[in-house]
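The values are calculated or read from the model by the stated rules, or taken from the named source; none is laboratory data. All values derive from a computational prediction rather than experimental measurement. A quick note on method: Cβ atoms are made from the backbone with ideal geometry, for glycine too, and the neighbour counts reach across all protein chains shown. Note: accessible area is taken over every heavy atom of the protein model, side chains too, but ligands, DNA and RNA are not part of it. Shrake-Rupley method; radii C 1.70, N 1.55, O 1.52, S 1.80 Å.
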Amino acid sequence: MLTDSTVKQNNVFLWIIGILSIAVPVLVATLFYIPQTGNLGDIDVSFLPHLNAVLNSCTAIALISGFYFIKNSNRRYHITSMLSAFGLSTLFLVSYVIYHYQGTHTLYGDLDHNGLLELSEKGAAGSLRYVYYFILITHIVLAAIVVPFVLFAVYFGISKQYTRHKNTTKYTFPIWLYVAVTGVIVYFLIKPYYI
């Protein structure tokens, strides 16, 4: 049973989680509708997609490690792994926002890097283009959906509300792992088209 102070604390964090759960997807969606001429000066951000793939890979490893550790009743290593996954995902988000604010959009199949996908380029990309877009769309949608679940899972774990933490992670873990792994797959599929 929750005490009054725990309920008040939960309410504060619920508001914070609610605000972040709306703000993060709105920020990311906004990046696709503003011109990519960010005001970061002449900073070269072309390395960030590669860094993002590394961050997603490390997130997936941390998630799998955390799952392994909790299944083997090693709570200490589980906490370390899951907080590492959370930190890596946060770094990914910052890197992603910087890249999409400063960098240019890359189109799958755009061999001549002119920002237009011509019929010959579509043909060259073939049916793999549909696979890429399916993975990308599910990745983006689930990345937006998982934000509040991750925040709840972390909060419930830190605040030692273990039953709520366990109930939340039943759904959070597979979605978060899917997002991390498909982020790497998307990177390798679009990598040939980066300038």
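Among the residues of segment 97-107, the one identified as open to solvent by 40 Å² or more (accessible area, probe 1.4 Å) and of a type in the set (Phe, Trp, Tyr) is TYR101. Every listed requirement among (1) of a type outside the set (Phe, Trp, Tyr); (2) at pLDDT 95 or above; (3) under 27 Å from LYS170 (Cβ atoms) is met by ALA144 save one, (2). Just one of the listed residues (LEU63, LEU55, LEU83, LEU91) is closer than 21 Å to PHE152 by Cα, open to solvent by less than 50 Å² (accessible area, probe 1.4 Å), out of contact with any Ser or Thr (no Cβ under 6 Å at 6 or more places or on another chain) and not small (Gly, Ala, Ser), and it is LEU63.
Scanning segment 108-139 for residues that are closer than 24 Å to LEU27 by Cβ, crowded, with 18+ Cβ neighbours inside 10 Å and at pLDDT below 90 yields a single hit, TYR108. Looking at segment 146-195 only, could you name the residues that are touching a Pro at 6+ places or on another chain (Cβ under 9 Å) and part of a helix (DSSP H, G or I)? Result: VAL147, TYR187, ILE190, LYS191.
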